[in-house]
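The values are calculated or read from the model by the stated rules, or taken from the named source; none is laboratory data. From a predicted model like this one, the values you see are computed outputs, not experimental measurements. FYI the Cβ positions are ideal-geometry reconstructions off the backbone, even for glycines, and counts take in every protein chain you see.
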Amino acid sequence: MLKYVISLYVLLPIAVMAGTMTDESFKSYDPFVADKDGFDSLFVNPAGMANQTKIFSLRAEGGTWGKAENYQLLDDNVDAMIAITDGNVTEDNLKKIAPMIASAASQETLDKITKNTSLYNITIEDAKQPSTWSGTSQSDREEIGKNLQDEALRVDLMKQLESIGFNLEAEARIGTLIRGIGLGLYANTYLLFSLGALGIQDLLYETGIIGGYGFDVGNFSLGFSGKFATLAVDDPNKPFNMRDPNSGAILYGYAWGIDAGVIWEPLDSLRIGLVLNDIIGSKTKLDNMLPGTLGELINTSIPLPEFDYTFSLDLSMGITWAPEGGIVKPKFGLDFYNILGMFRAMADGGANYSGLEEFYQTAASTPFRYMRIGANMEFWGFLNLGANWYMEYITFGIGLDIAVFELFIDFKVKQDFTEIGTEVMFKIKF
């Protein structure tokens, strides 16, 4: 079942990436605010396109991340979980699913599942052992099946099992850049697959058109860009479910925004960049849309009432140092994103968003959350190494840039080592 879902996912139009309206994910190969990186700078700081030409650029990437054990748990146990929640409780299913339930559920939930059975009051530690569930009687299995038909218990159990899942993301962009004038199309999707949802728990989708212009004035590069996009999220009131192929619903709206940026080059090796996002931004009505950056929705499942989502003015800035090299060409970058948004979070404290006070207070208390620091090394003009820290994730990777082709493989680790992941990027440019 899992392989089937992944196959469908790969066919979706795709990107959670820098510069689009759902931007919150940076890889080690993505440009910094002060970088002059041609067409890719259109998605970060349009000033980075100044006086550059790339007749054609096509970039596609995809990746996944989550707790390592969750991949195997989901691959092996989704079908068994569906069977058990449908009341079809067998000894084999119990040995697969019960230890997993015990690792995520509370003692109270475990007691409700085993009520009126010989396993009632079993401890969580004992329930984690598959051997505990060997030799369960037919009557015990039937009683567990009956208990799981209680709707309140099922809802509570599935909520607790949402932690057993993993993230999928992918992206595609295509466009051209001629003498600082860039025009492109992009699409992206983000998907959270979880056992608790028995399918897709969260889905974000964006597709749009983007264009801009960058030009030099002395030691300064200036640029502006505009984008128009369709945004979509899953309807929290109509979740996707593997039991029903017709389940789920998508809510969508349209939005646009205008960005402007500048890069100052006081030295040949030193650049300082600044970009204003959504100087003019639109509103779009979407259900379950989290106030602030869409990327934060990746880490939350708070159901929200319908409201107008506004793309508010925000500021990002950074510095890049690329000392002259020979065989090895190093580059170091330091960026701060969503600076105005952080101050708004501090001032607001979530007061205007019922139920989100804790989210805003957390954002305000972690000012380095939106700091990105990284380094890239180019060897012999074709071999690239990169490393990056952003949003509690460390990424590092290796790439090849030969003729018109570029390939980069990024590895991702959460800073507390609880999650791992990987990203693969392929690009054609000339």
Does the stretch 158-185 hold any residues that are basic (Lys, Arg) and either under 30 Å from Asn51 (Cα atoms) or more than 23 Å from the chain's Cα centre (by Cα) (or both), and which are they? Arg173, Arg179
Residue hits (the stretch 365-412; surrounded by fewer than 16 Cβ atoms within 10 Å (Cβ to Cβ) and more than 29 Å from Glu324 (Cβ to Cβ)) are Ser365, Thr366, Pro367, Phe368, Glu392
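Restricting attention to the stretch 186-224, report how many residues are in a strand (DSSP E or B), over 19 Å from the mean Cα position of the chain (by Cα) and farther than 17 Å from Asp259 by Cβ. Outline the logic, then answer.
Within the stretch 186-224, the subset in a strand (DSSP E or B) is 186-194, 199-217, 220-224.
Pick out the ones that are also over 19 Å from the mean Cα position of the chain (by Cα) and you get 209-217, 220-224.
Next cut, farther than 17 Å from Asp259 by Cβ only: 216-217.
Looking only at that region, the number is 2.
Here is a yes/no grid of residues against (1) assigned by TED's automatic domain parsing to the domain that holds Thr189; (2) crowded, with 20+ Cβ neighbours inside 10 Å; (3) touching a helix residue (DSSP H, G or I) at 6+ places or on another chain (Cβ under 8 Å):
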site: Ala98; (1), (2), (3): no, yes, yes
site: Lys115; (1), (2), (3): no, no, yes
site: Leu119; (1), (2), (3): no, yes, yes
site: Ala127; (1), (2), (3): no, yes, yes
site: Asp140; (1), (2), (3): no, yes, no
site: Ile144; (1), (2), (3): no, yes, yes
site: Gln149; (1), (2), (3): no, no, no
site: Leu157; (1), (2), (3): no, yes, yes
site: Ala170; (1), (2), (3): yes, yes, yes
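The rows are residues; the columns are (1) outside the structural domain of Val262 (by TED's automatic domain parsing); (2) farther than 21 Å from Trp65 by Cβ; (3) free of Cβ contacts under 8 Å to residues at least 24 places away in the same chain; (4) among the aromatic types (Phe, Trp, Tyr).
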{"residue": "Tyr190", "(1), (2), (3), (4)": "no, no, no, yes"}
{"residue": "Ser194", "(1), (2), (3), (4)": "no, no, no, no"}
{"residue": "Ile210", "(1), (2), (3), (4)": "no, yes, no, no"}
{"residue": "Gly214", "(1), (2), (3), (4)": "no, yes, no, no"}
{"residue": "Val217", "(1), (2), (3), (4)": "no, yes, yes, no"}
{"residue": "Phe220", "(1), (2), (3), (4)": "no, yes, no, yes"}
{"residue": "Phe224", "(1), (2), (3), (4)": "no, yes, no, yes"}
{"residue": "Lys227", "(1), (2), (3), (4)": "no, yes, no, no"}
{"residue": "Thr230", "(1), (2), (3), (4)": "no, yes, no, no"}
Could you run through the stretch 28-49 and say how many residues are among the small types (Gly, Ala, Ser) and part of a helix (DSSP H, G or I)? 4
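Looking at Thr422, Thr418 in this structure, which one is in contact with a strand residue (DSSP E or B) (Cβ under 7 Å, 6 or more places away or on another chain) and touching a residue at least 12 places away in the same chain (Cβ under 8 Å)? Even if it seems obvious, please write down each step before you answer.
Working: Thr418 fails: in contact with a strand residue (DSSP E or B) (Cβ under 7 Å, 6 or more places away or on another chain).
The unique qualifying residue is Thr422.
Considering only the stretch 420-427, I want to know if a residue exists there that is over 23 Å from Ala68 (Cα atoms), modelled with pLDDT of 90 or more, hydrophobic (A, V, I, L, M, F, W, C) and not assigned by TED's automatic domain parsing to the domain that holds Lys54. It would help to see each step written out before you state the result.
Within the stretch 420-427, the subset over 23 Å from Ala68 (Cα atoms) is 426-427.
When the remaining residues are screened for being modelled with pLDDT of 90 or more, the result is 426-427.
Narrowing further to those that are hydrophobic (A, V, I, L, M, F, W, C): 426.
Narrowing further to those that are not assigned by TED's automatic domain parsing to the domain that holds Lys54: 426.
The answer is yes; a qualifying residue exists.
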Residue pairs, Cβ under 6 Å, 6 or more apart or interchain, first in the stretch 34-51 and without any contact (Cβ under 8 Å) to a residue 24 or more places away in the chain, second part of a loop (DSSP other than H, G, I, E, B). List them. Asp37/Pro31; Asp40/Pro31
Would you please name the residue that is modelled with the lowest pLDDT, looking only at residues in the stretch 318-345 that are farther than 19 Å from Ala34 by Cα and within 26 Å of the chain's Cα centre (by Cα)? Ala345
